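Trainee: Below: one structure in structure tokens.
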Amino acid sequence: MSRKLLVEADGGSRGNPGPAGYGAVVKDALTGEVLAEAAEAIGHATNNVAEYRGLIAGLRAAAGIDPAARVEVRMDSKLVVEQMSGRWKIKHPDLIPLALEARRIASALGSVSYEWVARRRNAHADRLANEAMDAAARGETWTRRADPAEPSASAEPAKPETVVEAAAGPATRVPASRTPTTTLLLRHGETRLSAEKRFAGVSDVPLTETGLEQARAAAQALKGHGIEAIVTSPLARCRATAAEAAATTGAPVRVEEDLREADFGEWEGLTFAEARERWPEQMNAWLADPSAAPPGGESLEQVARRVRVALDKLKVRHRRQTVLVVSHVTPIKLLVRDALQAPMGSLYRMHLDTSSLSWIDWYDDGPAVVRLLNDTHHLRHA
């Protein structure tokens, strides 16, 4: 008979939305022995998103212990329990891909049932979630992982491991596929600030005439790639670039907030030299430490966390499809870095021209392949 496991999961945020985190624990149903823990600070999110992330982490951990297990999920979130049980509809667009991912993992297990419990009966996962929220409130990148391979997993909780980016947790083993999720990554066309090589983060600057021509040239180059969807940053320069691609390919466009450029704070609109002259110590720290942020801006670690969330949602919504992602220098470089499993310092060794194309294939069994970086052949006559 297959093993029975209990998954207790929780999540929350300080402010809803606000600094968020989740916690999950897997126990042996017969003995109550703790077999695995997972917790993570996930940056800025809602309570419901964090709760679903906790459920996904718990199901992944259970699948890693016994793929054929009968799993009983206990949560103090009425919403998640009712939605996953099929009694309530899932209407919020941010929750749909998370619920689909949870169902995909659950479908590979022996069986999964859901039970609502009072918070006092979910204390272990609640404690982990609160630790994660505390870390998120401090602006830290924080995860905790303990699994059966670690001797401490059945005794004391493992010590939290700080990593460069928010990890997705142990991957669920699914049959490998030769059909990847393909992302074509298009940097927006030229703007006044990019032409003058100035920091342009959240400043909502439009395309120049040259930038619009570049966007049209990129759109023509995308013909024949079988693009099924377009996902774009909310900033005007990306939306205008995406609109040209949509007009040529006919693919629908969806705005993804987490694909916006980094917030460069006080450096917005300045050249690198101007920013360094005014803030030499902060600039040196920013170049050396991914947790350091420009005055009033975002660190690379913070941007990496939200870009990873955007990628996770894309891979669930558009699994094994070809998707055009229209974004900015920092998010595109972070996606390339993620695919290569490279250190954060690799971002300073990549160059991306305006309206350049890059290409990454993401496979179900984990590996990713970078097939193209900074292609600008379509701009020769733009």
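Values quoted throughout were computed directly from the atomic coordinates according to the rules given, and no laboratory measurement underlies them. Predicted model, so just to flag it, every value in this text is computed and none were measured. Cβ atoms come from the backbone with ideal geometry, glycine included; neighbour counts cover every protein chain shown.
Trainee: Just from its helices, what would the mean residue ellipticity at 222 nm be for the chain, if runs of 4 or more DSSP H residues each count -39500 (n - 2.57) and the sum is divided by every residue, rounded to the nearest 500 deg cm²/dmol? List each step's numbers first, then the result.
Mentor: Numbers: 11 runs with 130 residues, N = 382.
After summing the helix terms and dividing by the residues of the chain, the value is -10500 deg cm²/dmol.
Trainee: Report Rg/Rh for the chain, rounded to two decimals, where Rg is the Cα radius of gyration and Rh the Kirkwood radius. Kindly include the intermediate steps, with their values, before the conclusion.
Mentor: Values: Rg = 21.7 Å, Rh = 21.8 Å.
That ratio equals 1.00.
Trainee: Any idea what angle helix 96-107 forms with the longest principal axis of the chain, computed on alpha-carbon atoms, 0 to 90 degrees, nearest 10?
Mentor: With both axes taken from Cα atoms, the answer is about 40 degrees.
Trainee: Could you tell me the extents of the range 4-154's C-alpha atoms along the three principal axes, largest first, rounded to whole Å?
Mentor: Extents along the principal axes, in whole Å: 37, 37, 26.
Trainee: Please state, to two decimals, what the Cα-based radius of gyration of the range 25-108 comes to when divided by 2.2 N^0.38 Å (N = residues).
Mentor: Details: Rg = 12.9 Å, N = 84, 2.2 N^0.38 = 11.8 Å.
With N residues counted in the range 25-108, Rg over 2.2 N^0.38 Å equals 1.09.
Trainee: Another question, then. Under 26 Å Cα-Cα from LYS313, which lysines qualify once same-chain neighbours fewer than 8 residues away are excluded?
Mentor: LYS78, LYS89, LYS91, LYS223, LYS333
Trainee: Okay, next question. Where does the range 181-379 land on the Kirkwood hydrodynamic radius, alpha-carbon pairs, in angstrom?
Mentor: Details: mean 1/r = 0.0593 Å⁻¹.
Hydrodynamic radius (Kirkwood, Cα only) of the range 181-379 equals 16.9 Å.
Trainee: Also, quick follow-up: Taking every DSSP beta bridge with both residues inside the chain, roughly what % is antiparallel (nearest 5)? Don't jump to the answer; show the numbers that get you there.
Mentor: On the way: 37 of 62 bridges.
If we restrict to bridges inside the chain, about 60 percent are antiparallel.
Trainee: Ranking request for peptides 53-61, 319-327, 254-262: highest mean number of other beta-carbon atoms within 10 Å first, then the rest in descending order. Intermediate results must be reported in sequence, preceding the final value.
Mentor: Working: 53-61: 29.2, 319-327: 22.7, 254-262: 20.7.
Descending packing order for the listed peptides: 53-61, 319-327, 254-262.
Trainee: Starting from the Kirkwood Rh over alpha-carbon pairs, what translational D in µm² s⁻¹ does the range 292-382 have by Stokes-Einstein at 20 °C and 1.002 mPa s? Provide the component values of the computation, followed by the final result.
Mentor: Numbers: Rh = 14.3 Å.
D = 149 µm²/s.
Trainee: For the range 264-340, evaluate the Debye formula with one uniform point scatterer on each Cα (no solvent term) and list log10 I(q)/I(0) at q = 0.16, 0.26 Å⁻¹, rounded to two decimals.
Mentor: For the range 264-340, the Cα-only Debye profile gives -0.67, -1.25.
Trainee: If you don't mind, there's one more thing I want to ask. Among THR46, THR179, THR241, THR232, which comes first, second and so on when ranked by fewest other beta-carbon atoms within 10 Å?
Mentor: On the way: THR46 19, THR179 11, THR241 31, THR232 26.
Neighbour counts put them in this order, fewest first: THR179, THR46, THR232, THR241.
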